[in-house]
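Below: one structure, written as structure tokens.
Bear in mind that the values in this text are calculations on the coordinates, not laboratory data. If you're wondering where the values come from, they're calculated on a predicted model, not measured in any experiment. Reconstructed Cβ throughout: ideal geometry from the backbone, glycine too, with neighbour counts over all protein chains shown.
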Amino acid sequence: MKLKALDRRKFRTRNKLKKVSNSDRFRLTISRSSKNISAQIIDDIKNITLASASSTQKEIKSLNKKNKTELSVAVAEKLAKNALEKKIKKIYFDRGFYSYHGRIKIFAETLRKNGMDF
């Protein structure tokens, strides 16, 4: 089975992160569509999700954000709050096949402002 270019890029970035991952850092994976954005912090050793946030959650939908960048900031703040409650500060940022630009970059910068270290 031949993989598409996007799948190859996703596997390449994800496998690089998994090789260097250890028990003191977790992987933050991000997913976006044309309207929504979601992210979760994953422990690759135990294969469990530790914290997650999405623009489809009721708390974030009720904020009535005007555009997608404001929505990305709100989701990042919610995820950082959830992670800090569980005492998670150090993570690896897995951007998948998305380039570090636009909403992905704003998401990462907002996480850094709210106390996440990557």
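Any idea what % of Cα-Cα pairs in the chain are farther than 26 Å?
In whole percent, the share of Cα-Cα pairs in the chain beyond 26 Å is 18.
Report, in deg cm²/dmol and to the nearest 500, the calculated mean residue ellipticity at 222 nm for the chain, where each DSSP H run with n ≥ 4 adds -39500 (n - 2.57) and the sum is divided by the residue count.
-13000 deg cm²/dmol
Would you kindly derive the ³J(HN,Hα) couplings of the stretch 77-82 from the backbone phi angles with the Karplus curve 6.51 cos²θ - 1.76 cosθ + 1.60 (θ = phi - 60°), listing them in order in whole Hz, with x for Gly and Pro?
The phi angles translate into 5, 5, 5, 5, 5, 5 Hz.
Which value, to two decimals, describes the C-alpha radius of gyration of the stretch 39-98 once divided by 2.2 N^0.38 Å?
It is 1.20.
Please list, or write none, the aspartates and glutamates whose alpha carbon is within less than 15 Å of the alpha carbon of LYS89, excluding same-chain residues fewer than 8 places away.
Cα-Cα hits under 15 Å: ASP24, ASP43, GLU77, GLU109, ASP117.
Just grab the label-to-label distance for LYS35 and LYS81, each label 7 Å out from Cα along the Cβ direction, in nm (one decimal).
Spacing of the two 7 Å Cα→Cβ label points: 2.4 nm.
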